[in-house]
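Heads up, the thing below is written out as structure tokens.
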Amino acid sequence: MDSKTLPNIDDLGRLPNARKAAALDLLFEPSAEIHQTLIPVIKSRQHTSYNELIESCRNTLVSIASKSTASKPDQNLLAILGSHPRLGAKKVESAQSAAEQAKLGGESEVLARLNREYEQRFPGLRYVVFVNGRGRPEIMDDMKARMDRGDFGKEVDAALHVLLPSAAMQRD
């Protein structure tokens with residue numbers, strides 16, 4: 001396996017941790033916290049597909065998130081969610097995020113200010129959203145609306161939804 005392709009799912013559990021980490025980097029964002037939290041998920045059982053592995057990872061992170069509150073956030077969860085680059089960031093490690101960021105045309109002064117305001121409103125979180133061809137004005141309006149809503153739990157859910165590719169998640 002080179003660092004840009006996923007290994008066969010049947011082999012993943014037997015690979016060295018460094019190769020498991022490289023696979024997680026392709027699925028999510030490069031992050032030591034993601035490695036620390038999700039390599040045990042890979043080791044826990046044989047997964048028959050990457051969708052199944054992602055679902056196992058989702059369950060692990062949702063479990064962590066369910067115990068995290070705005071007044072007492074789980075620091076490991078915040079580090080995982082903080083692995084996603086800031087909207088408009090110039091340096092982006094994952095190919096998926098780089099492609100989305102390119103559509104926004106870089107970080108403007110207004111977007112940089114909104115990122116700071118968001119992170120002050122929700123300490124430890126970063127504003128994340130699927131760009132999906134939406135322009136900067138629509139994204140910034142969404143960012144403002146979410147800050148006005150002020151719901152830490154919904155922001156954690158939104159970040160997990162972007163971090164974990166597939167269906168929407170709901171916290172209990």
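The table below gives the values:
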quantity: Subset of the range 31-49 that is surrounded by fewer than 16 Cβ atoms within 10 Å (Cβ to Cβ) and not aliphatic (A, V, I, L, M) - its residue that is nearest to the chain's Cα centre (by Cα); calculated: Gln36
quantity: Those residues of the range 17-30 which are open to solvent by 40 Å² or more (accessible area, probe 1.4 Å) and over 16 Å from the mean Cα position of the chain (by Cα), in sequence order; calculated: Asn17, Ala18, Arg19
quantity: Residue in the range 35-54 that is within 29 Å of Asp151 (Cα to Cα) and of a type in the set (D, E, K, R) present; calculated: no
quantity: Test: residue in the range 63-72 that is farther than 18 Å from Ile139 by Cα, open to solvent by 80 Å² or more (accessible area, probe 1.4 Å) and either touching a Phe, Trp or Tyr at 6+ places or on another chain (Cβ under 8 Å) or at pLDDT below 85 (or both); calculated: no
quantity: Helices (runs of 4 or more DSSP H) enclosed by the range 11-70 - at least 3 residues per element that are without any contact (Cβ under 8 Å) to a residue 60 or more places away in the chain and within 29 Å of Lys154 (Cβ to Cβ); calculated: 32-44, 50-66
quantity: Enumeration of residues in the range 74-95 that are at pLDDT below 90 and surrounded by 15 or more Cβ atoms within 10 Å (Cβ to Cβ); calculated: Leu81, Gly82, Ser83, His84, Pro85, Arg86, Leu87, Gly88, Ala89, Val92, Ser94
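The values are calculated or read from the model by the stated rules, or taken from the named source; none is laboratory data. As the structure is a prediction and not an experimental result, all values here were calculated from the model. FYI the Cβ positions are ideal-geometry reconstructions off the backbone, even for glycines, and counts take in every protein chain you see. Accessible surface areas use protein heavy atoms only, side chains included; no ligands, DNA or RNA. Shrake-Rupley method; radii C 1.70, N 1.55, O 1.52, S 1.80 Å.
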